[in-house]
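What follows is a single structure, written as C-alpha cells, with notes after it.
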Amino acid sequence: MSKFLWALALLISIHAQAQAPATYNSDDIYLQLKKLNVLGSVLYIAAHPDDENTRLLAYFSKEKQYRTGYLSLTRGDGGQNLIGDEQGIELGMIRTQELLSARRIDGAEQFFSTAIDFGFSKNATEALSIWNHDKILSDVVWVIRKFRPDVIITRFPGDARAGHGHHWASALLANEAFTVAADSTRFTEQFALGVQPWQAKRILWNTFNFGGNNTTSNDQFTMDIGGFNPLLGKGYGEIASESRSQHKSQGFGVAKQRGQATEYFTLTGGARVKDSLMDGVNTTWKRVTGGNDIETKINAIISHYNFEHPENSVDSLVALHKALAAMPAGYWVNRKMEEVSNIIAACSGLFVEATTNKPFAVTGDVLPINFFINKRNNNAVSLNNIQLDQFDTTISQPLATNINVTITKQLTVAQDKPLSQPYWLVNPSQKGYFEVSNQQLIGKAENDAAYNAVFHFTVNGYPLQLTRPVQYKYSDPIKGEEYEPLIVIAPFSVSATPGIALLNVHPENGKAPDPLLKFTFKSYINKSNLPVTVSALQGTKTVYQKDTVVNAEIGKEYSFSESLGKLFNKTGDTFLKTALDVKVNVNTTRYDAYLRSIQYDHIPDIHYTLHDNIRVITEEIKTRGKSIGYIVGAGDKVPQALEQMGYEVKLLGENDITAANLAQFDAVIAGVRAYNLHDWLVAKYDVLMNYIKQGGNYIVQYNQQDLVTTTIGPYPFTISRTRVTDENAAVHFLLPSNAVLNYPNKITAKDFEGWIQERSTYHAQSFDAHYAAPLGMHDPGESEDSGSLIIAPYGKGNFVYDGLVFFRELPAGVPGAYRLMANLIALPQNK
C-alpha cells in the first residue's frame, strides 16, 4: 500500500475485549482533543499484578495525558487466591484480566514479560537465577524499545528494602534495561522486528511508606497527585481506588481517596530532576519537525469545540489527519493519527460492533455474524464495505442519523483455524519463564481477537476504517446485555476425573477404596450417528477403550466410568491420558484436550485448553477416621484431596459450627486464611475449643497476620511472616517420636520430596510451652525455624496450627503431603 493510501485509512482498533464497544461523551472527546497536544510517555515497572501505583498511573494518564504503561514482570501465578481455588497459571490468567480491568479505569496500558511468578522469593539473586536474567532483561528491553518511554519509574528499590525477591529483581532489571535499551550492540536481533535503540531521559524510584517501611524523605522530588478533574467528576485518588479494587482475587478492595496526595521520587539513572519528572523532555509538537502547524490546528479545534454538537469538529479533524499524513512517518505522528481517527469516529457518534450469538467458534462449523452500525450524530457518513476473514461485503450505503443498520453473514470456521490458547501457554514453559516463540507477542497482555471485522466508511468525504473484534453477545436476565471474547475451539472436549487418584489408601478399619475414574467428552456440535472411541492410555499403552455411537448435541456430555484397579499397571507410567477418536465419513480425528472455563463477574470469561490427565499415586497412605468438617477459607482444593483419601467431607459455614454438629467429625479443618476472612469465627472460639476437649482434632491451616482474632488455639501463639521458600529445603525431625511423624504413617525424608513452590508459610512464633514443634527447616543462609507445624493436646483432643502448604502440595499430587495430612487427622486422643 502506498504511503498516501495508508494515510487515508484512519485506523481504530478497540483492544478491550469482553467489553461493549467503546462510546464517548462530549467530555471524553474534549479530553482526547487536549491529549493530541501531549507527546510524552511514562512506563511504570514492577513485579506483580497489584504492585502498581494506580493513583500515579491515573494522574499521568488523565491529568498529564501522557501515554502511560505498566509493565508487570509476572502475571501473579504464584500468589494466593481469595475468591476461588484457582492456582498457578489459572490464577495468573485471572490476575491478568484484573489488571486489564484496572487499566480500563485508570487509562494506562498493560504489558507483561514472560517471567513466571514462582512464589515468594527472599532475594533478587534467586529470582534472577530462576527467571533467567538475560531472558527477562531482553523482554524488558523489548517493551522499552517498542513503548519508547520518556521516563521510567520503578515501584521498588534494587535492594532488600523491596521486601520480596521479585520486587527487588524488577528494579534491578528496569535500571539495567534503562541503559541496555539504548545500546545498539545488545539484543540486536530485535532490530529486524521494527524497533530501534531507545534511551529514556531518566529512571526514578517511586518511594513509599507502607508495610511499616518508610522509604520517603524530605530531600526527594515530590508531586501532589491528588487533584480533582471536573470533566471526569472524580479525583485521581477516587479513580485509583476504583482501579485498585479490581484486584479482587487478592482482596484489594479499598475505600475511595480524596484530597491532596504526595508521591516521592528518587533518581536512579539519567538526567537530574529539578521542576518536573519531564524536565528536559519536550512533550509538545516542537519535538516533531513541522509540528508547530499541527499544534496550531489542534488548538483551533479545541477552542471551537461544541459540547452539544461534537460532529461540528469532524471537518477540521479530517483536515488535521491529512496534515499529519503529509508529514514524515514517525512514532508520534503515527500515534497521533490513530488518536485523531478515534476522535473522528467519536464525534460522528458511530456505534459499530460485530457479534455472534454463539459463545464459541467451532472448527468446521458455521458461525453467524451480526454486524451492527448506527450513526448517531448528524454528519455525512457512508458505509462502503465490511471485511471479515474470507469475505468482503460491499455495501455503499449512506447512513441516516440514528437509524440502525444490521447485516448478518454466515462464517465457516476453517478446519485448520488455530485453536484459541493464551499465547504464553502454547509452548511448554521453562522453570522460570514462559516459552514464547513469537517475539512480537512478548509484552502483550492477552491474545488478539480470534476474528476482527474491518468496517470501511467515508466520513465527510474522507476514508475511515474501523476494526472491531467479533464478540459473543447475549442478554442475561439479571445482568442484562453482556459481551464476552469469542474463542476458537475444537468440536469435542475430553476430560478425566479425578485429577489425582490414590491407588494405595488403607483405612484403619475397612477395605481400601478402589477409585472410580470417570472419562467424559463434551460436544460443541450437532451431529447424528457419530462413531466414537473413548480411550485411556498409560504411557503409550491403551488400558481402557469404549466404542459407541452417539447423536452429538451442543453442550451435551457423555461419560464412562471404570475402576482404577482394573486398568492401571503399577509398574507403568504414573499418568493416565485420555483421548477421543471421532469418525466422520471416512476420516477419524483424535481429540485429547479439555476446554477449561473460569468465570467471575468482574472480569471477562477465561477459556483455555489443557490435557486433562489423571496422576496416580501408588505410595501407601494409611488413614484413621472417616468424617471431616471443613471450614471454608479463601479457596483451596484440600477438600477434594481429602475425599480422594476416602474421607467424607462436609463444608462448614457459620451456622454449622455448633457443639452438636461438630460431634460427628473425627477432625475439623479450617481452610487457608479462614481467620483472615470470617469475623464470625471470633464467636465460635468456645465451641471449637470444646470440640477439642471432647476428643476432636482441630487443624488450622495458614493465616496471614491481619487476623479477625488472635485467639485461635487453646494456648497463645502469634503468626509471623516467616516462611521457607525453598521447596527442597531439608526438613529436620526435632521430635522423632511425636505421633504426627509415626502414626498411622511413618514419616521420613522421602515424604518431603517432590514438593512444589515452597515448604511453608506464615509460621507460628512465640508459642506457649504446651505446643510441640516436631519439624525444623530453613532457607539457605537462615537460621532454623520450628514454627511450620505446632501441636498442642487439649482435653482429649488436639489443636494444630499448620504453615505447611498443603493447599499447594495436595492438588499437585505430592504423596508425602497426603501421608502427613492423614497423620494430622489421626492424632490420637489424650487420656
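The values are calculated or read from the model by the stated rules, or taken from the named source; none is laboratory data. Small disclaimer: the values here were computed from a predicted structure and weren't measured. Heads up, the Cβs are rebuilt from the backbone with ideal geometry, glycines too, and the neighbour counts pull from every protein chain shown. Ligands, DNA and RNA are excluded from the accessible area calculation, which covers all protein heavy atoms including side chains. Shrake-Rupley method; radii C 1.70, N 1.55, O 1.52, S 1.80 Å.
Between 0 and 90 degrees, the angle of helix 314-325 with respect to the longest Cα principal axis of the chain falls at about 80 degrees. For segment 246-381, the alpha-carbon radius of gyration amounts to 1.56 times the rule-of-thumb value 2.2 N^0.38 Å expected for a compact globular protein.
With K and R counted +1 and D and E -1, the other residues having a Cβ less than 9 Å from that of Lys522 yield a net charge of 0. Of the trypsin sites (Lys or Arg not before Pro) in segment 492-560, the ones in a loop by DSSP (not H, G, I, E or B) with at most 12 other beta carbons within 10 Å are Lys511. Distances between placed amide hydrogens fall under 5 Å for Leu775 paired with Leu734, Leu789, all partners being 5 or more residues away or on another chain. For the pair Thr540 and Gln640 in one chain, pulling the backbone fully straight at 0.36 nm per residue adds 33.1 nm over the alpha carbon distance.
The GluC sites (Glu not before Pro) of segment 732-808 that DSSP puts in a loop, and whose beta carbon has at most 15 other beta carbons within 10 Å, are Glu753, Glu782, Glu784. Within a straight-line Cα-Cα reach of under 12 Å, Lys566 can be paired with the following aspartates and glutamates, leaving aside sequence neighbours fewer than 8 residues apart in one chain: Asp514. From helices alone, the chain scores -6000 deg cm²/dmol at 222 nm; the rule is -39500 (n - 2.57) for each run of n ≥ 4 DSSP H residues, then divide by the residue total. Near Ala729, no amide H atom lies under 5 Å from its own; only residues 5 or more places off or on other chains count, and H is placed 1.01 Å from N.
Solvent exposure of the chain amounts to 41 Å² per residue of accessible area, where only protein heavy atoms count and the probe is 1.4 Å. Rolling a 1.4 Å probe over the protein chains gives Ser720 an accessible area of about 10 Å².
Averaging Cα coordinates gives a centre for segment 459-505 and one for segment 554-633; these two points are 22 Å apart. Report the calculated FRET efficiency for Glu562 and Thr23 (r = Cβ-Cβ distance, R0 = 51 Å), to the nearest 0.05. Working from the Cβ atoms, E equals 0.40. Within the set Lys274/Lys322; Lys556/Lys626; Lys522/Lys546; Lys62/Lys297; Lys146/Lys358, which residue pairs have Cα atoms separated by over 27 Å? In this structure, Lys274/Lys322; Lys556/Lys626; Lys146/Lys358 exceed 27 Å between Cα atoms. In order along segment 741-750, phi translates into HN-Hα couplings of 9, 10, 9, x, 10, 7, 8, 10, 4, 4 Hz, rounded to whole numbers, per the Karplus curve 6.51 cos²θ - 1.76 cosθ + 1.60 with θ = phi - 60° and x for Gly and Pro. Out of the GluC sites (Glu not before Pro) in segment 267-324, which ones are loop residues according to DSSP with at most 16 other C-beta atoms within 10 Å? Loop-located and lightly packed - Glu308. Put simply, the amide H of Ala670, placed in the peptide plane, has neighbours under 5 Å in Ile631, Ile699, Val700, Gln701, leaving out anything fewer than 5 places away on its chain. Rounded to the nearest 10 degrees, the inclination of helix 88-106 to the longest alpha-carbon principal axis of the chain is 40 degrees. For segment 445-455, 3J(HN,Hα) computed residue by residue from phi via the Karplus equation (6.51, -1.76, 1.60; θ = phi - 60°) reads 6, 7, 5, 5, 4, 4, 9, 10, 9, 10, 9 Hz, glycine and proline entered as x.
Just one of [x] 96, 79, 59; [y] 91, 77, 53; [z] 117, 67, 44 is Cα extents along the principal axes in Å as worked out from the coordinates here. Which one is it? Computing Cα extents along the principal axes in Å and matching it to [x] 96, 79, 59; [y] 91, 77, 53; [z] 117, 67, 44 gives [y].
Converting phi to 3J(HN,Hα) with the Karplus coefficients 6.51, -1.76 and 1.60 and the offset θ = phi - 60°, segment 659-672 yields 4, 5, 6, 5, 4, 7, 9, 6, 8, 10, 10, 8, x, 4 Hz in sequence order, with x at every glycine or proline. I'd like the orientation of helix 133-147 relative to the chain: the angle between its Cα long axis and the longest Cα principal axis, in ° from 0 to 90, rounded to 10. Approximately 30 degrees, to the nearest 10. Maximal additional length on extending the Ser783-Ile554 stretch stands at 76.6 nm, based on 0.36 nm per residue less the C-alpha distance.
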